[in-house]
Amino acid sequence: MGIRNGSFVDFLLIALILGNLLLLGSSRLMSYIRICAAQGLLVSALTFILHRGEVSARIVVLVVGSAVLKAGLFPWLLIRAVRVAYIKKEIEPIVGYSASLIFGVLILALSLWLSARLPIHGKAAASFVPTAAFFTIFTGCFLIVSRTKAITQVISYLVLENGIYLFGLPFVGEAALLIELGVFLDLTVGVAVMGIIIYHISREFDSLDVKHLSTLKDWGS
């Protein structure tokens with residue numbers, strides 16, 4: 001049974017890694033949102049599976065909270081922002097999609113190298129948790145700096161947070177519930193505020209390219 005559970009965990013982590021590669025090679029914002037929502041479901045499932053032998057109120061809150069926020073509320077807010085702004089795909093990213101995929105393979109190799117050198121034991125040591133976490137963090141950071149639309153960068157920030165969440169998942173029993181809920185609250189407020197900002201940027205500039213934000217400096221001078 002332990003081997004079967006370990007294999008299922010690895011299957012979910014591989015799905016998460018493939019999702020990151022799809023993010024790097026995709027140009028459609030709706031695909032970004034769907035993949036981000038799928039990642040939310042995956043990390044929620046991993047939360048339960050890795051700690052199913054020690055189910056407590058904290059674990060239940062984490063599973064339900066992460067599923068509702070990451071796979072429900074955040075994607076819904078982002079879909080509304082996309083529909084209001086009338087956009088369908090990323091236009092002229094700083095780094096092309098083919099180059100992004102090549103970079104993705106490189107950072108995946110780097111993630112494997114880093115995780116192999118971490119002195120991790122227990123739940124994380126028996127699977128690809130550190131590798132998937134590193135790769136998700138690196139993917140989020142890369143998308144933030146290589147994509148120009150504000151809404152894409154919001155999604156990238158959520159991907160980055162998924163990686164950080166995943167890295168701390170095996171050790172959640174040692175973390176304070178207040179800190180975990182604080183992360184959820186920060187993300188909720190952040191996504192809500194970014195949704196408002198995206199809407200007003202679209203109305204002012206007829207574009208969500210963050211390069212247009214440089215013109216705000218002229219207004220202030």
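The values are calculated or read from the model by the stated rules, or taken from the named source; none is laboratory data. The model shown is predicted, which means the values in this text are computed figures rather than measured ones. No Cβ is skipped: glycine too gets one built from the backbone with ideal geometry, and neighbour counts run over all protein chains shown.
Of the helices (runs of 4 or more DSSP H) entirely within region 1-95, those holding at least 1 residues that are of a type outside the set (Val, Ile, Thr), in contact with a helix residue (DSSP H, G or I) (Cβ under 7 Å, 6 or more places away or on another chain) and modelled with pLDDT under 75 occupy 2-25, 57-68, 74-85.
Kindly establish whether residue 143 is surrounded by 14 or more Cβ atoms within 10 Å (Cβ to Cβ) and at pLDDT below 85. No; evaluated as a whole, the condition is false for this residue.
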